[in-house]
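Engineer: Supplied in structure tokens, the structure appears directly below.
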Amino acid sequence: MPATPTVLLLSSNGAGMGHLTRLLAYGRRLPGQVHRHVLSLSQAVPAVEAEGLTWEYLPSQGASGLRPATWRALFADRVTEVLERVDPDVLVFDGTHPYSGLDVALARHPRTRAVWSRRGMWKPGRNGHQLQKAAWFDSVLEPTDLAAPADTGETADAEAVRVRPVTLLDREELSGRAEARAALGLPADGPLALVSLGAGNINDTDDEVGAAAAALTANGIGVCVTAPSIAERAYAGSDVHLVRHFPLSRHFRAFDHAVVAAGYNSFHETLRLGVPTLFVPNTATSLDDQAARARYADRRGWALAAPTLTDGRAPALVAELVERGPELAAQAQADDPGNGAADAAAELLRVAALPTRTGAAR
């Protein structure tokens, strides 16, 4: 056993931040003496330097351009090398599809325990064959969903250690409004809205991003678009602000409103951190049931939801968001069960047979 207790955080993703952010939420709640090392398939992995973590990048099969069988063998060898070099007490993989080859690497390094961190809200009838891979792991950890009562996917009744919904930050960690706007380079005065709806064109009102921007501008609200959501060529000038920061949630008080997709992180961050929100789910996801998540928030009176903004309803929806948004956000916070990240960290320590005092790594 290494002198320093070690946790290896292994995330899927080709380019996104969702799985990686969830692992960082766990890592922040581990005791300070635990070394946390990140191995990620996300091209955004350099952002973990802000957390003070060591990291390395492993290209996904798609990013590598290799044939699947060739990549799986490379993946197994690379993870084996990292396990031998880092010698972690526990590896935690966050993703909905444990890659073939991970089982091979774990078998080659039996000292390391393993945890599968697996969010729910899968689209019904999809990906169920992956559940048998739970046998590769010593524990399956599920950060639950605020919309869990609407979950009809394959994991809903699957065995797992379930914790409360997980976000990287809690409300007390957010910067104040003036500090947040200064940090993001935003105007100090006037209402602003965060728009994060995936790739889009700010000048095209037949596009979700463009429709949102047009409706917000018509209501006198400045538009702040996350940099990955919009091509640089589509930047529309002084009325639209590109925002780049990780974690952006630290500066959520810069925004009076949000129009965002309903992925796990954006959904729970906006609701838990008090941003009046209109959810426009991305229905093109292969597995994540964003539509069910958004509808549930609407039914509970936590936020507004619409399947699209390109049907002419965007102006009315934005007007309703301005009028009712603060009331909805207050209800979401009143119903918030709290952050499950510390409970998840405790489960990692339990599996690794390490002391279970958490919360000292921030």
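The values are calculated or read from the model by the stated rules, or taken from the named source; none is laboratory data. The structure displayed is predicted, hence computed values, not measured ones. As a convention, Cβ positions derive from the backbone with ideal geometry for all residues, glycine included, and neighbour counts pool all protein chains shown. The area values use the complete protein model at the heavy-atom level, side chains included, leaving out ligands, DNA and RNA. Shrake-Rupley method; radii C 1.70, N 1.55, O 1.52, S 1.80 Å.
Engineer: State yes or no: is Ala284 in contact (Cβ under 8 Å) with a residue 12 or more places away in the chain and among the small types (Gly, Ala, Ser)?
Structural biologist: When the stated conditions are applied, Ala284 does not pass them.
Engineer: Run Asp343 past the list (1) loosely packed, with under 14 Cβ neighbours inside 10 Å; (2) under 30 Å from Gly32 (Cβ atoms) and report the number of the one that doesn't hold.
Structural biologist: (1)
Engineer: Between Asp145, Asp138, which is at pLDDT 95 or above, in contact with a helix residue (DSSP H, G or I) (Cβ under 6 Å, 6 or more places away or on another chain) and among the acidic types (Asp, Glu)? So that I can check it myself, show each step before the final result.
Structural biologist: Working: Asp145 fails: in contact with a helix residue (DSSP H, G or I) (Cβ under 6 Å, 6 or more places away or on another chain).
Checking each option against the conditions leaves just Asp138.
Engineer: Please go through (1) on the phi > 0 side of the Ramachandran plot; (2) at pLDDT below 95 for Gly190 and return the number of the only condition it doesn't satisfy.
Structural biologist: (2)
Engineer: Quick check on my filter: what residues within the stretch 309-339 are open to solvent by 70 Å² or more (accessible area, probe 1.4 Å) and in contact (Cβ under 8 Å) with a residue 60 or more places away in the chain?
Structural biologist: Matches in the stretch 309-339: Pro315 only.
Engineer: Any idea which residue in the stretch 22-51 is modelled with the highest pLDDT, counting only those that are closer than 16 Å to Phe246 by Cα and open to solvent by 10 Å² or more (accessible area, probe 1.4 Å)?
Structural biologist: Within the stretch 22-51, the match that is modelled with the highest pLDDT is Arg28.
Engineer: Look at the stretch 285-295 and say how many of its residues are touching a helix residue (DSSP H, G or I) at 6+ places or on another chain (Cβ under 6 Å) and more than 20 Å from Asn127 (Cβ to Cβ).
Structural biologist: Qualifying residue count for the region: 0.
Engineer: Of all the residues that make up the stretch 16-33, how many are out of contact with any helix residue (DSSP H, G or I) (no Cβ under 8 Å at 6 or more places or on another chain) and among the hydrophobic types (A, V, I, L, M, F, W, C)?
Structural biologist: The qualifying residues number 1.
For every residue, the table says whether it meets (1) small (Gly, Ala, Ser); (2) under 19 Å from the mean Cα position of the chain (by Cα).
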residue	(1), (2)
Leu8	no, yes
Gly27	yes, yes
Pro46	no, yes
Ser64	yes, no
Arg72	no, no
Val92	no, yes
Thr96	no, yes
Arg108	no, no
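A quick yes/no check of all residues on (1) of a type in the set (A, V, I, L, M, F, W, C); (2) buried (at least 22 other Cβ atoms within 10 Å of the Cβ); (3) out of contact with any Phe, Trp or Tyr (no Cβ under 9 Å at 6 or more places or on another chain); (4) within 15 Å of Leu304 (Cα to Cα):
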| residue | (1), (2), (3), (4) |
| --- | --- |
| His245 | no, no, yes, no |
| Phe255 | yes, yes, yes, no |
| Val260 | yes, yes, no, yes |
| Phe267 | yes, yes, no, yes |
| Val275 | yes, yes, no, yes |
| Val280 | yes, yes, yes, yes |
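Yes/no matrix, rows are residues, columns are (1) of a type in the set (Phe, Trp, Tyr); (2) in contact with a Leu (Cβ under 8 Å, 6 or more places away or on another chain); (3) open to solvent by less than 50 Å² (accessible area, probe 1.4 Å):
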| site | (1), (2), (3) |
| --- | --- |
| Trp55 | yes, yes, no |
| Ala69 | no, no, no |
| Leu83 | no, yes, yes |
| Val104 | no, no, no |
| Pro110 | no, no, no |
| Phe137 | yes, no, yes |
| Thr155 | no, yes, yes |
